[in-house]
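This report concerns only the one structure given below.
Coordinate-derived values only; no laboratory data. Just so we're clear, the structure is a prediction, and the values are computed from it rather than from any experiment. So basically every Cβ, Gly included, is an ideal-geometry build from the backbone, and we count neighbours across all protein chains shown.
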Amino acid sequence: MPLVFLTLAGTLIVDPRLPPSLPPSPRLWRTRKLRWAGKPGSTIEEPRHVTMSLLAVIQTGGKQYIVREGQELKIEKLENESGASITFDALLISDEDGTNTKVGTPTVGGAKVSASVIEQGRAEKVSVIKYKPKVRYRRNVGHRQPFTKIKIEKITA
């Protein structure tokens, strides 16, 4: 029985070199993120292939984010309405496995990442507490950081 494991990139890999009666040790499961995917006596003829998608690095709000198509993420607040579309310049574009990578200086020429605004919101409250002993000084101030939730629609290289 071949060993089947899922990489962090989401691809499924089959290793037929292991003997059928010997599953990988639990130590391998922890260090290499392997998962035993077969029952004794079951066989897998060929690996299932997962389509590779593009990765991109965008910059907004003074931060950089690694994004994929269809991903939803919260970024620093932008002054756009819900449903509006936004275009970001890509700093880096790569395949899932990293074989075809384009690095920009500072942006990749002609590469765009288009996204749509899902909602505007505010994060959970954070308490900022100040205290100085022996002088009766206590301050408790709350803060809620505004954010914009976006969905990545398309990455064009």
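When you count the other C-beta atoms within 10 angstrom of each residue and take the mean per peptide, 146-152, 123-129 line up highest first as 146-152, 123-129.
Here's the list of lysines a cross-link from K134 could span, going by alpha-carbon distance under 30 Å and ignoring same-chain residues fewer than 8 apart: K125. Applying 1/(1 + (r/R0)^6) with r as the Cβ-Cβ distance of K130 and A84 and R0 = 41 angstrom yields a FRET efficiency of 0.55. Taking a ≥ b ≥ c as the square roots of the eigenvalues of the Cα gyration tensor of region 50-157, is the shape rounded (a/c under 1.5), prolate (a/b larger than b/c) or oblate? Here region 50-157 falls in the prolate category. Between V103 and N140, the FRET efficiency from the beta-carbon distance, with R0 = 41 Å, is close to 0.35.
Determine, from the Cβ-Cβ distance of D95 and K63 and an R0 of 25 Å, the FRET efficiency 1/(1 + (r/R0)^6), rounded to the nearest 0.05.
Numbers: r = 23 Å, r/R0 = 0.94.
Efficiency computed from Cβ-Cβ geometry: 0.60.
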